[in-house]
1. Let me check I've understood the local charge: for ARG59, count other residues with C-beta under 10 angstrom from its C-beta, Lys and Arg +1, Asp and Glu -1. What total comes out?
2. Where the convex hull is taken over the Cα atoms of region 245-348, what is its projected area averaged over directions, in nm²?
3. Could you give the distance between the Cα centres of region 286-343 and region 17-31, to the whole Å?
4. Please give the residues of region 369-412, grouped as numeric ranges, whose backbone N is less than 12 Å from a label point set 7 Å along the Cα-to-Cβ vector of ASP354.
5. Taking H placed 1.01 Å from N in the peptide plane, check which residues at least 5 places from THR296 or on another chain put their amide H under 5 Å from its amide H.
6. Evaluate the Kirkwood expression for the hydrodynamic radius of region 365-447, namely the inverse of the mean inverse distance over all pairs of different C-alpha atoms, and round to one decimal in Å.
7. Taking 7 Å along the Cα-to-C-beta vector as the label spot, tell me the THR88-VAL118 distance in nanometres, rounded to one decimal.
8. I'd like the accessible area for ASP399, computed on protein heavy atoms only with a 1.4 Å probe and all protein chains in place. Round to 10 Å², please.
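The values are calculated or read from the model by the stated rules, or taken from the named source; none is laboratory data. Predicted model, so just to flag it, every value in this text is computed and none were measured. Here the Cβ positions follow ideal geometry from the backbone for every residue, glycine too, while neighbour counts run over all protein chains shown. Remember, those area values only see protein heavy atoms, side chains included, never the ligands or the DNA or RNA. Shrake-Rupley method; radii C 1.70, N 1.55, O 1.52, S 1.80 Å.
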Amino acid sequence: MATGAKEVWVFQIVHQDTGKPAQGVPVTVLDASGNAAGYWVSDADGTVAIPRRDTPRLRLRVGLRNEEPIELATATLGEGPTPLAAPTQLPPAAAAGGERQALPATPPPPTPAEQTEVPGHVLYFQRLAMFAELAPAPPGPRDAVADFFTPPADGPAAMRYGVLIEVEEYWQSLGVLWGELLYSISLTPGDEAKLAVLDGRWRREAEGRERPLQILARMVGTSMLGDLVTALRPELQLDPLTLAEPNLEAAVFDTVQMIRDRTERMSQALRRRPLGVVDAHADTPPGGAIRTVRNTTRDRLVTFHFFEPLERFKVMVRSPRVRPVIFVPFRLPNVATPDVVRRFGYIFRRTLLDRGLLPDLDRLLGGDEPRGGASTARLLEHVESNLLYYSTAIIAVGDAAGRHAALAKLRDPMNRPLTDVIENAVVGRMGAAIALPLRSSAQLPPEWREPLAAYQARPLRAGDGFVVTIPHPGVWVSAQAHEAMQRQAESHEAAG
(Lines give C-alpha, C1' and ligand atoms only; values in the text may rest on other atoms or scores of the structure.)
Protein backbone atom coordinates (compact mmCIF):
# COMPACT_ATOMS: atom_id res chain seq x y z
CA MET A 1 0.00 0.00 0.00
CA ALA A 2 1.36 3.38 -0.98
CA THR A 3 1.62 5.81 1.87
CA GLY A 4 1.72 9.58 1.54
CA ALA A 5 4.99 11.17 2.67
CA LYS A 6 3.10 13.73 4.78
CA GLU A 7 1.33 10.99 6.76
CA VAL A 8 4.39 9.01 7.87
CA TRP A 9 7.98 9.41 8.92
CA VAL A 10 10.27 7.19 6.88
CA PHE A 11 13.42 5.74 8.42
CA GLN A 12 16.07 3.54 6.85
CA ILE A 13 17.90 1.07 9.07
CA VAL A 14 21.48 0.56 7.87
CA HIS A 15 24.42 -1.54 9.07
CA GLN A 16 26.93 0.43 11.11
CA ASP A 17 29.98 -0.94 9.29
CA THR A 18 28.89 -1.13 5.64
CA GLY A 19 26.02 1.35 5.46
CA LYS A 20 23.92 -1.23 3.59
CA PRO A 21 20.18 -1.64 4.39
CA ALA A 22 19.41 -3.92 7.34
CA GLN A 23 16.34 -6.08 6.93
CA GLY A 24 14.21 -7.46 9.77
CA VAL A 25 15.28 -5.03 12.49
CA PRO A 26 12.49 -4.30 15.03
CA VAL A 27 11.72 -0.63 15.69
CA THR A 28 9.64 0.32 18.73
CA VAL A 29 8.02 3.69 19.45
CA LEU A 30 8.07 4.50 23.19
CA ASP A 31 5.73 6.80 25.05
CA ALA A 32 6.72 9.28 27.78
CA SER A 33 6.83 6.58 30.46
CA GLY A 34 8.98 4.24 28.37
CA ASN A 35 6.23 1.77 27.44
CA ALA A 36 5.86 0.48 23.89
CA ALA A 37 3.37 2.45 21.79
CA GLY A 38 3.91 0.66 18.48
CA TYR A 39 6.07 -1.95 16.72
CA TRP A 40 7.48 -2.10 13.17
CA VAL A 41 10.05 -4.20 11.30
CA SER A 42 12.40 -2.92 8.56
CA ASP A 43 11.67 -4.06 4.99
CA ALA A 44 14.09 -5.62 2.52
CA ASP A 45 15.49 -2.14 1.70
CA GLY A 46 15.76 -1.31 5.42
CA THR A 47 12.88 1.20 5.43
CA VAL A 48 10.31 1.62 8.20
CA ALA A 49 7.24 3.86 7.79
CA ILE A 50 5.89 5.13 11.12
CA PRO A 51 2.66 7.19 11.22
CA ARG A 52 3.27 10.80 12.23
CA ARG A 53 2.36 11.88 15.75
CA ASP A 54 1.61 15.29 17.21
CA THR A 55 4.64 15.42 19.48
CA PRO A 56 7.80 17.56 19.48
CA ARG A 57 10.11 14.61 20.17
CA LEU A 58 9.97 11.00 19.06
CA ARG A 59 11.46 8.23 21.22
CA LEU A 60 12.55 5.10 19.35
CA ARG A 61 14.29 1.86 20.22
CA VAL A 62 16.05 0.18 17.31
CA GLY A 63 16.65 -3.47 17.99
CA LEU A 64 15.87 -5.62 21.02
CA ARG A 65 14.88 -4.60 24.53
CA ASN A 66 18.47 -4.40 25.70
CA GLU A 67 19.18 -1.50 23.29
CA GLU A 68 19.14 2.07 24.59
CA PRO A 69 16.31 4.31 23.27
CA ILE A 70 17.07 7.35 21.09
CA GLU A 71 15.21 10.67 20.89
CA LEU A 72 14.65 12.62 17.68
CA ALA A 73 13.22 16.10 17.24
CA THR A 74 10.27 15.72 14.89
CA ALA A 75 10.92 19.16 13.38
CA THR A 76 14.18 17.85 11.90
CA LEU A 77 12.58 14.86 10.22
CA GLY A 78 12.20 15.57 6.54
CA GLU A 79 10.14 13.87 3.86
CA GLY A 80 13.03 11.65 2.78
CA PRO A 81 14.25 8.56 4.67
CA THR A 82 16.12 9.31 7.87
CA PRO A 83 19.03 6.87 8.35
CA LEU A 84 19.26 5.02 11.66
CA ALA A 85 22.12 2.72 12.67
CA ALA A 86 21.20 -0.90 13.24
CA PRO A 87 22.39 -2.50 16.47
CA THR A 88 25.54 -4.61 16.42
CA GLN A 89 23.63 -7.77 17.36
CA LEU A 90 20.85 -8.28 14.85
CA PRO A 91 17.87 -10.69 14.97
CA PRO A 92 18.07 -13.91 12.89
CA ALA A 93 18.29 -13.43 9.15
CA ALA A 94 15.14 -13.71 7.05
CA ALA A 95 14.28 -16.96 5.34
CA ALA A 96 14.98 -17.41 1.66
CA GLY A 97 12.71 -15.47 -0.63
CA GLY A 98 11.50 -13.20 2.15
CA GLU A 99 9.36 -15.95 3.70
CA ARG A 100 8.34 -15.55 7.32
CA GLN A 101 9.83 -17.88 9.88
CA ALA A 102 7.18 -20.03 11.50
CA LEU A 103 6.84 -19.82 15.27
CA PRO A 104 7.52 -23.15 16.96
CA ALA A 105 4.11 -24.14 18.22
CA THR A 106 3.75 -25.22 21.83
CA PRO A 107 1.48 -28.26 21.76
CA PRO A 108 -1.17 -28.37 24.44
CA PRO A 109 -0.95 -31.16 27.00
CA PRO A 110 -2.51 -34.37 25.74
CA THR A 111 -6.03 -35.09 26.84
CA PRO A 112 -6.86 -38.41 28.46
CA ALA A 113 -8.64 -39.55 25.28
CA GLU A 114 -5.53 -38.97 23.15
CA GLN A 115 -2.96 -40.75 25.31
CA THR A 116 -2.69 -44.42 26.04
CA GLU A 117 -3.63 -45.42 29.58
CA VAL A 118 -0.56 -45.70 31.77
CA PRO A 119 -0.37 -47.91 34.85
CA GLY A 120 -1.44 -46.23 38.06
CA HIS A 121 0.47 -45.76 41.29
CA VAL A 122 -0.17 -47.60 44.55
CA LEU A 123 0.35 -45.90 47.92
CA TYR A 124 0.49 -47.92 51.13
CA PHE A 125 -0.61 -46.70 54.55
CA GLN A 126 -0.86 -48.49 57.87
CA ARG A 127 -2.26 -47.69 61.29
CA LEU A 128 -1.68 -49.40 64.61
CA ALA A 129 -4.65 -49.98 66.93
CA MET A 130 -4.04 -51.20 70.48
CA PHE A 131 -6.74 -53.12 72.36
CA ALA A 132 -7.71 -51.43 75.61
CA GLU A 133 -7.62 -53.22 78.93
CA LEU A 134 -11.05 -54.72 79.56
CA ALA A 135 -10.69 -54.50 83.34
CA PRO A 136 -11.50 -51.00 84.62
CA ALA A 137 -8.44 -49.04 85.67
CA PRO A 138 -8.30 -47.47 89.11
CA PRO A 139 -9.12 -43.74 89.16
CA GLY A 140 -6.10 -41.48 88.90
CA PRO A 141 -5.31 -38.50 91.08
CA ARG A 142 -7.27 -35.34 90.37
CA ASP A 143 -4.16 -33.21 90.06
CA ALA A 144 -2.49 -35.46 87.42
CA VAL A 145 -0.71 -33.52 84.68
CA ALA A 146 0.98 -34.65 81.47
CA ASP A 147 4.77 -34.51 81.28
CA PHE A 148 5.88 -34.62 77.66
CA PHE A 149 9.60 -34.08 78.25
CA THR A 150 10.54 -36.81 80.76
CA PRO A 151 11.64 -40.14 79.21
CA PRO A 152 9.45 -43.17 80.00
CA ALA A 153 10.12 -45.11 83.18
CA ASP A 154 12.91 -47.66 83.06
CA GLY A 155 10.63 -50.57 83.94
CA PRO A 156 8.62 -51.96 80.98
CA ALA A 157 4.84 -52.11 81.01
CA ALA A 158 2.84 -55.24 80.22
CA MET A 159 2.43 -56.63 76.71
CA ARG A 160 -0.76 -55.68 74.88
CA TYR A 161 -2.55 -57.02 71.82
CA GLY A 162 -3.79 -55.04 68.87
CA VAL A 163 -4.17 -54.98 65.11
CA LEU A 164 -2.42 -53.43 62.15
CA ILE A 165 -4.79 -51.76 59.65
CA GLU A 166 -3.30 -51.75 56.12
CA VAL A 167 -4.79 -49.54 53.40
CA GLU A 168 -3.82 -49.42 49.72
CA GLU A 169 -4.71 -46.48 47.47
CA TYR A 170 -4.66 -46.89 43.69
CA TRP A 171 -3.99 -43.59 41.88
CA GLN A 172 -4.98 -43.53 38.20
CA SER A 173 -3.99 -40.43 36.24
CA LEU A 174 -6.81 -38.61 34.46
CA GLY A 175 -4.42 -36.40 32.52
CA VAL A 176 -2.61 -33.11 32.93
CA LEU A 177 -4.19 -29.68 32.70
CA TRP A 178 -3.29 -26.00 32.74
CA GLY A 179 -3.53 -24.38 36.15
CA GLU A 180 -3.47 -20.74 37.20
CA LEU A 181 -1.97 -18.12 34.87
CA LEU A 182 1.18 -16.91 36.66
CA TYR A 183 2.80 -14.39 34.29
CA SER A 184 2.62 -13.03 30.74
CA ILE A 185 5.19 -11.13 28.69
CA SER A 186 5.09 -9.78 25.11
CA LEU A 187 8.23 -9.72 22.96
CA THR A 188 8.96 -8.00 19.66
CA PRO A 189 10.58 -10.00 16.80
CA GLY A 190 14.01 -11.29 17.77
CA ASP A 191 13.67 -10.06 21.34
CA GLU A 192 14.30 -12.24 24.39
CA ALA A 193 13.68 -12.04 28.12
CA LYS A 194 15.15 -13.78 31.14
CA LEU A 195 12.68 -14.73 33.85
CA ALA A 196 13.10 -16.28 37.29
CA VAL A 197 10.75 -19.08 38.39
CA LEU A 198 10.38 -18.92 42.18
CA ASP A 199 8.97 -22.29 43.26
CA GLY A 200 8.74 -22.65 47.04
CA ARG A 201 6.57 -25.77 47.00
CA TRP A 202 9.39 -28.31 47.18
CA ARG A 203 12.44 -28.73 49.39
CA ARG A 204 14.99 -29.32 46.67
CA GLU A 205 17.64 -31.14 48.72
CA ALA A 206 15.37 -33.67 50.44
CA GLU A 207 12.62 -33.97 47.84
CA GLY A 208 14.46 -33.50 44.57
CA ARG A 209 14.49 -37.24 43.84
CA GLU A 210 10.85 -37.85 44.75
CA ARG A 211 7.77 -37.49 42.59
CA PRO A 212 5.02 -35.08 43.60
CA LEU A 213 2.78 -38.05 44.39
CA GLN A 214 5.35 -39.44 46.81
CA ILE A 215 5.79 -36.05 48.46
CA LEU A 216 2.04 -35.78 48.93
CA ALA A 217 1.94 -39.27 50.47
CA ARG A 218 4.63 -38.29 52.99
CA MET A 219 2.50 -35.30 53.95
CA VAL A 220 -0.47 -37.60 54.62
CA GLY A 221 1.49 -40.22 56.58
CA THR A 222 4.94 -40.35 58.15
CA SER A 223 7.69 -42.92 57.83
CA MET A 224 8.48 -44.77 61.04
CA LEU A 225 12.24 -44.46 60.57
CA GLY A 226 12.76 -41.75 57.97
CA ASP A 227 14.39 -42.65 54.66
CA LEU A 228 15.55 -46.09 55.85
CA VAL A 229 12.15 -47.70 56.25
CA THR A 230 10.76 -45.82 53.24
CA ALA A 231 13.45 -47.42 51.10
CA LEU A 232 12.84 -50.93 52.46
CA ARG A 233 9.11 -50.79 53.21
CA PRO A 234 6.71 -48.53 51.31
CA GLU A 235 4.12 -48.26 54.10
CA LEU A 236 3.59 -44.86 55.71
CA GLN A 237 2.40 -44.62 59.29
CA LEU A 238 -0.79 -42.91 60.46
CA ASP A 239 -1.61 -41.79 63.98
CA PRO A 240 -2.20 -44.85 66.22
CA LEU A 241 -5.36 -45.30 68.25
CA THR A 242 -6.70 -47.37 71.15
CA LEU A 243 -9.83 -49.52 70.72
CA ALA A 244 -12.05 -49.69 73.79
CA GLU A 245 -14.66 -51.86 72.01
CA PRO A 246 -14.20 -54.75 69.55
CA ASN A 247 -15.64 -52.78 66.61
CA LEU A 248 -12.97 -53.20 63.94
CA GLU A 249 -15.14 -52.07 61.03
CA ALA A 250 -15.63 -48.64 62.62
CA ALA A 251 -11.88 -48.30 63.18
CA VAL A 252 -11.13 -49.26 59.58
CA PHE A 253 -13.76 -46.85 58.23
CA ASP A 254 -12.30 -44.04 60.36
CA THR A 255 -8.83 -44.83 58.97
CA VAL A 256 -10.00 -44.73 55.35
CA GLN A 257 -11.85 -41.45 55.93
CA MET A 258 -8.77 -39.96 57.62
CA ILE A 259 -6.59 -40.80 54.62
CA ARG A 260 -9.09 -39.25 52.21
CA ASP A 261 -9.49 -36.04 54.25
CA ARG A 262 -5.75 -35.63 54.68
CA THR A 263 -5.09 -36.30 50.99
CA GLU A 264 -7.52 -33.58 49.90
CA ARG A 265 -6.18 -31.10 52.46
CA MET A 266 -2.52 -31.76 51.65
CA SER A 267 -3.08 -31.39 47.90
CA GLN A 268 -4.56 -27.96 48.54
CA ALA A 269 -1.71 -27.14 50.92
CA LEU A 270 0.81 -27.90 48.14
CA ARG A 271 -0.96 -25.49 45.78
CA ARG A 272 -1.01 -22.78 48.45
CA ARG A 273 2.77 -22.78 48.72
CA PRO A 274 4.49 -19.85 46.95
CA LEU A 275 4.95 -20.07 43.17
CA GLY A 276 5.65 -17.13 40.86
CA VAL A 277 7.47 -15.86 37.77
CA VAL A 278 9.31 -12.51 37.83
CA ASP A 279 11.85 -10.65 35.72
CA ALA A 280 15.36 -11.94 36.43
CA HIS A 281 17.49 -9.30 38.12
CA ALA A 282 20.78 -9.30 39.96
CA ASP A 283 18.92 -9.60 43.27
CA THR A 284 16.96 -12.71 42.21
CA PRO A 285 16.82 -15.21 45.10
CA PRO A 286 19.36 -18.05 44.75
CA GLY A 287 16.58 -20.66 44.68
CA GLY A 288 15.04 -19.20 41.51
CA ALA A 289 15.43 -21.08 38.23
CA ILE A 290 16.29 -18.79 35.28
CA ARG A 291 14.30 -19.38 32.09
CA THR A 292 14.87 -17.58 28.77
CA VAL A 293 12.13 -17.01 26.17
CA ARG A 294 12.79 -15.61 22.70
CA ASN A 295 10.59 -14.40 19.87
CA THR A 296 12.00 -16.14 16.78
CA THR A 297 9.53 -14.59 14.32
CA ARG A 298 10.41 -11.70 12.03
CA ASP A 299 7.23 -9.70 11.73
CA ARG A 300 4.90 -10.24 14.64
CA LEU A 301 4.53 -9.77 18.36
CA VAL A 302 4.50 -12.93 20.51
CA THR A 303 3.12 -13.18 24.03
CA PHE A 304 4.43 -15.89 26.32
CA HIS A 305 2.10 -17.15 29.07
CA PHE A 306 3.38 -19.06 32.11
CA PHE A 307 0.98 -21.51 33.75
CA GLU A 308 0.96 -23.75 36.81
CA PRO A 309 1.12 -27.44 35.70
CA LEU A 310 -1.43 -29.73 37.34
CA GLU A 311 -2.43 -33.39 37.15
CA ARG A 312 -5.73 -34.97 38.13
CA PHE A 313 -5.97 -38.43 39.68
CA LYS A 314 -8.83 -40.79 40.38
CA VAL A 315 -8.11 -42.39 43.77
CA MET A 316 -9.59 -45.78 44.60
CA VAL A 317 -9.20 -47.41 48.03
CA ARG A 318 -8.88 -51.17 48.03
CA SER A 319 -10.48 -53.22 50.80
CA PRO A 320 -8.32 -52.63 53.90
CA ARG A 321 -6.68 -55.59 55.59
CA VAL A 322 -6.38 -56.14 59.33
CA ARG A 323 -3.60 -58.24 60.90
CA PRO A 324 -3.14 -59.13 64.59
CA VAL A 325 -0.08 -57.77 66.39
CA ILE A 326 1.37 -57.78 69.87
CA PHE A 327 2.99 -54.73 71.47
CA VAL A 328 6.23 -55.58 73.28
CA PRO A 329 7.61 -52.83 75.54
CA PHE A 330 11.35 -52.26 75.73
CA ARG A 331 13.73 -50.47 78.04
CA LEU A 332 15.35 -47.36 76.68
CA PRO A 333 19.08 -48.08 76.32
CA ASN A 334 21.71 -45.40 76.60
CA VAL A 335 22.37 -45.03 72.90
CA ALA A 336 23.69 -41.48 73.23
CA THR A 337 27.31 -42.59 73.59
CA PRO A 338 30.16 -42.47 71.06
CA ASP A 339 30.62 -46.26 71.19
CA VAL A 340 26.96 -47.02 70.38
CA VAL A 341 26.87 -44.43 67.60
CA ARG A 342 30.00 -45.94 66.03
CA ARG A 343 28.61 -49.47 66.38
CA PHE A 344 25.35 -48.61 64.61
CA GLY A 345 26.74 -45.85 62.43
CA TYR A 346 25.15 -47.26 59.26
CA ILE A 347 21.72 -46.98 60.91
CA PHE A 348 22.28 -43.47 62.25
CA ARG A 349 23.45 -42.29 58.83
CA ARG A 350 20.19 -43.38 57.18
CA THR A 351 17.78 -42.42 59.98
CA LEU A 352 19.28 -39.16 61.22
CA LEU A 353 16.41 -36.75 61.83
CA ASP A 354 18.53 -33.59 61.52
CA ARG A 355 20.41 -33.98 58.24
CA GLY A 356 22.49 -30.94 59.17
CA LEU A 357 24.30 -33.16 61.70
CA LEU A 358 25.66 -35.52 59.03
CA PRO A 359 29.11 -33.80 59.01
CA ASP A 360 29.28 -34.26 62.81
CA LEU A 361 28.36 -37.94 62.41
CA ASP A 362 31.00 -38.42 59.70
CA ARG A 363 33.67 -36.88 61.93
CA LEU A 364 32.71 -39.17 64.82
CA LEU A 365 32.65 -42.31 62.65
CA GLY A 366 35.92 -41.38 60.97
CA GLY A 367 37.72 -40.70 64.24
CA ASP A 368 38.55 -37.13 63.22
CA GLU A 369 36.82 -35.57 66.22
CA PRO A 370 38.69 -35.62 69.56
CA ARG A 371 36.86 -37.09 72.53
CA GLY A 372 34.57 -34.50 74.05
CA GLY A 373 34.64 -32.29 70.96
CA ALA A 374 31.93 -29.74 70.24
CA SER A 375 30.48 -31.55 67.20
CA THR A 376 30.33 -34.89 69.07
CA ALA A 377 28.59 -33.26 72.01
CA ARG A 378 26.08 -31.64 69.66
CA LEU A 379 25.34 -34.97 67.97
CA LEU A 380 24.97 -36.93 71.22
CA GLU A 381 22.68 -34.26 72.65
CA HIS A 382 20.43 -34.69 69.62
CA VAL A 383 20.41 -38.49 70.00
CA GLU A 384 19.58 -38.22 73.70
CA SER A 385 16.65 -35.93 72.91
CA ASN A 386 15.22 -38.60 70.55
CA LEU A 387 15.97 -41.82 72.44
CA LEU A 388 12.66 -43.49 71.50
CA TYR A 389 13.19 -42.86 67.81
CA TYR A 390 16.79 -44.09 67.60
CA SER A 391 16.19 -47.04 69.94
CA THR A 392 13.38 -48.18 67.64
CA ALA A 393 15.65 -47.76 64.62
CA ILE A 394 18.34 -49.98 66.14
CA ILE A 395 15.80 -52.64 67.19
CA ALA A 396 13.87 -52.62 63.91
CA VAL A 397 16.67 -52.74 61.35
CA GLY A 398 19.57 -54.03 63.41
CA ASP A 399 20.71 -57.65 63.73
CA ALA A 400 17.64 -59.88 63.29
CA ALA A 401 19.35 -62.76 65.10
CA GLY A 402 20.10 -60.53 68.09
CA ARG A 403 16.49 -59.34 68.14
CA HIS A 404 15.27 -62.96 68.08
CA ALA A 405 17.57 -63.87 70.97
CA ALA A 406 16.20 -61.00 73.06
CA LEU A 407 12.57 -61.88 72.28
CA ALA A 408 13.14 -65.58 73.00
CA LYS A 409 13.59 -64.74 76.68
CA LEU A 410 10.03 -63.38 76.92
CA ARG A 411 6.63 -65.06 77.22
CA ASP A 412 3.33 -63.63 75.99
CA PRO A 413 0.36 -62.88 78.34
CA MET A 414 -0.84 -66.47 77.83
CA ASN A 415 2.53 -67.79 79.07
CA ARG A 416 3.70 -69.03 75.66
CA PRO A 417 7.23 -68.42 74.35
CA LEU A 418 6.98 -65.14 72.47
CA THR A 419 9.02 -66.33 69.49
CA ASP A 420 6.55 -69.20 68.96
CA VAL A 421 3.64 -66.86 68.18
CA ILE A 422 5.23 -63.87 66.40
CA GLU A 423 7.05 -62.99 63.21
CA ASN A 424 10.50 -61.51 63.80
CA ALA A 425 9.73 -58.19 62.10
CA VAL A 426 8.95 -54.75 63.55
CA VAL A 427 5.97 -53.14 61.80
CA GLY A 428 5.68 -50.05 63.97
CA ARG A 429 5.98 -48.44 67.37
CA MET A 430 3.47 -47.09 69.83
CA GLY A 431 5.07 -45.28 72.72
CA ALA A 432 7.89 -47.38 74.19
CA ALA A 433 6.57 -50.62 72.66
CA ILE A 434 7.33 -52.18 69.30
CA ALA A 435 4.58 -53.90 67.29
CA LEU A 436 5.30 -57.45 66.12
CA PRO A 437 2.90 -59.39 63.83
CA LEU A 438 1.26 -62.50 65.25
CA ARG A 439 1.43 -65.61 63.09
CA SER A 440 -2.36 -66.04 63.16
CA SER A 441 -5.43 -64.65 64.85
CA ALA A 442 -5.56 -67.82 66.97
CA GLN A 443 -2.90 -66.25 69.21
CA LEU A 444 -5.32 -63.45 70.23
CA PRO A 445 -7.46 -63.59 73.39
CA PRO A 446 -10.97 -64.97 72.73
CA GLU A 447 -12.70 -61.62 73.29
CA TRP A 448 -10.75 -60.11 70.33
CA ARG A 449 -10.38 -63.23 68.19
CA GLU A 450 -14.04 -63.32 67.12
CA PRO A 451 -14.30 -59.65 66.01
CA LEU A 452 -11.13 -60.05 63.91
CA ALA A 453 -12.43 -63.25 62.30
CA ALA A 454 -15.74 -61.53 61.55
CA TYR A 455 -14.02 -58.62 59.83
CA GLN A 456 -11.68 -60.85 57.81
CA ALA A 457 -14.72 -62.80 56.58
CA ARG A 458 -16.50 -59.58 55.49
CA PRO A 459 -13.95 -56.77 55.06
CA LEU A 460 -14.99 -53.16 54.57
CA ARG A 461 -15.84 -52.32 50.97
CA ALA A 462 -14.43 -49.02 49.78
CA GLY A 463 -16.57 -46.39 48.08
CA ASP A 464 -16.49 -45.10 44.52
CA GLY A 465 -13.25 -43.17 45.03
CA PHE A 466 -12.53 -39.48 44.71
CA VAL A 467 -10.61 -37.08 42.46
CA VAL A 468 -7.50 -35.19 43.60
CA THR A 469 -5.55 -32.51 41.73
CA ILE A 470 -1.86 -32.09 42.57
CA PRO A 471 0.75 -29.67 41.19
CA HIS A 472 3.99 -30.52 39.41
CA PRO A 473 7.36 -28.77 39.81
CA GLY A 474 8.19 -25.95 37.43
CA VAL A 475 5.91 -24.06 35.04
CA TRP A 476 4.45 -24.53 31.57
CA VAL A 477 4.96 -21.94 28.82
CA SER A 478 2.56 -21.19 25.97
CA ALA A 479 3.46 -18.90 23.02
CA GLN A 480 0.70 -16.80 21.41
CA ALA A 481 1.59 -15.15 18.08
CA HIS A 482 -0.25 -11.93 17.15
CA GLU A 483 -1.07 -10.45 13.75
CA ALA A 484 1.86 -9.36 11.59
CA MET A 485 3.07 -5.86 12.52
CA GLN A 486 3.18 -4.48 8.99
CA ARG A 487 -0.41 -5.62 8.45
CA GLN A 488 -1.43 -3.93 11.72
CA ALA A 489 0.20 -0.68 10.66
CA GLU A 490 -1.54 -0.72 7.30
CA SER A 491 -4.92 -1.40 8.92
CA HIS A 492 -4.38 1.52 11.32
CA GLU A 493 -3.51 3.82 8.42
CA ALA A 494 -6.57 2.68 6.49
CA ALA A 495 -8.78 3.30 9.51
CA GLY A 496 -7.26 6.80 9.96
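1. Working: positive: ARG57, ARG61; negative: ASP31, GLU71.
Once positives and negatives cancel, what remains is 0.
2. On the way: hull surface 64.9 nm².
Computed as one quarter of the Cα hull surface, the answer is 16.2 nm².
3. 50 Å
4. From region 369-412, the list is 375-386.
5. GLY190
6. Values: mean 1/r = 0.0650 Å⁻¹.
It works out to 15.4 Å.
7. In this crude spin-label approximation the distance works out to 4.7 nm.
8. Counting only protein heavy atoms, ASP399 exposes about 110 Å² to solvent.
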